[in-house]
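Q: Would you mind keeping the following structure in view while I ask a few things?
Since every read-out is calculated from the coordinates, none of them should be taken as a lab result. Everything numeric here is computed off the predicted structure, so don't read it as measured data. Virtual Cβ from ideal backbone geometry, glycine too; neighbours counted across all protein chains shown.
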Amino acid sequence: MCGRVALFTPPVRLARFLDAVLSTGLEDSQPSWNVGPARTLFGLTDDEHGRVLAPYRWGLIPPWASDPSIANQTINARQETVMEKPSFKAAYVSRPCILPVDGFYEWGSEGHRPKQPHYFTRRDGEPLLFAGLYEHWRDPRSPSDAPTIATVTVITTEPGPDIDGIHDRQPVVLEKEVANHWLDIKHRSPEQRHELLVPSRPGILQHISVGAAVGSVYNDGPQLIEYEAPQSLF
């Protein structure tokens, strides 16, 4: 599961890195070192309007949902079933996206210690590019001209060697050139794109243990990604 990320690089810089146009709604975005579900992620899409980086709420709401509470169960989509699950299969075919982040957190249980948070980043310092899906949902109780809510999910897969046994899942981290293929629904079949959803190669990710404060989304700031030695119960 991936349920907490850091996203502090200015969106204009991420858009430049991804050769994308920045949409409205991101100009006043504030950096965060502790982004959780129901908060804002940046999604890169590529369609007839070109490559656009736009804000999305984390937790995908499929168009057929009667209310937004389903988003509590759809912050992640499993690579093994993403093509089949009703919540994701339509988005998988037509609405892939890339979710750039600075890092992500996973909690591991090490010996008799309490669950220890670890902060993962790319070893080369570049942004992490998660494979994701997006949808636009309109509350069926709202007028037909009411605005839609843009939502996303992060696709996860089995852990690669860099996860170091800390967790049994990891987000699908795409290399920049592979990310282009993931978005290419015109020239690549769903099956071909599914082959891209694999664990990270050895040496891509690095991690450090960090403090327990990241466990609450009410805590924020760069101090959350500073090294903190694991604490023992004894």
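Q: With each label point set 7 Å from Cα along the Cα-Cβ vector, what nm distance links Arg13 and Tyr218?
A: 3.0
Q: Let me ask something additional. At 7 Å along Cα-to-Cβ for each site, give me the label-to-label distance between Glu195 and Glu175 in nm.
A: Here the answer is 1.5 nm between the modelled labels.
Q: Still on this structure, I have one more. Distance in nm between label sites at Ser144 and Glu226, each 7 Å beyond Cα in the beta-carbon direction?
A: Distance between label points: 5.7 nm.
Q: Only loop residues by DSSP count here, and only those with at most 16 other Cβ atoms within 10 Å; note down the GluC sites (Glu not before Pro) in the range 119-201 that meet that.
A: Glu175, Glu195
Q: Which of the listed residues, Asn34, Ala71, Ala20, is farthest toward the dipole's positive end in the range 20-102, when Lys, Arg count +1 and Asp, Glu count -1 at the beta-carbon?
A: Ala71
Q: Under 28 Å Cα-Cα from Lys186, which lysines qualify once same-chain neighbours fewer than 8 residues away are excluded?
A: Within the straight-line limit of under 28 Å, Lys186 reaches these lysines: Lys85, Lys89, Lys176.
Q: If you put +1 on each Lys and Arg Cβ and -1 on each Asp and Glu Cβ, how big is the dipole of the chain around its Cα centre, in Debye rounded to 20?
A: Taking the Cα centre of the chain as origin, the dipole is about 260 debye.
Q: Evaluate the relative contact order of the chain (contact order divided by residue number), counting alpha-carbon pairs under 8 angstrom at least 6 apart; express in whole percent.
A: It rounds to 22 percent for the chain.
Q: Further, regarding this structure: Per the helix-only calculation at 222 nm, which mean residue ellipticity applies to the chain, given -39500 (n - 2.57) for every DSSP H run of n ≥ 4 and division by its residues, nearest 500 deg cm²/dmol?
A: It lands at -2500 deg cm²/dmol.
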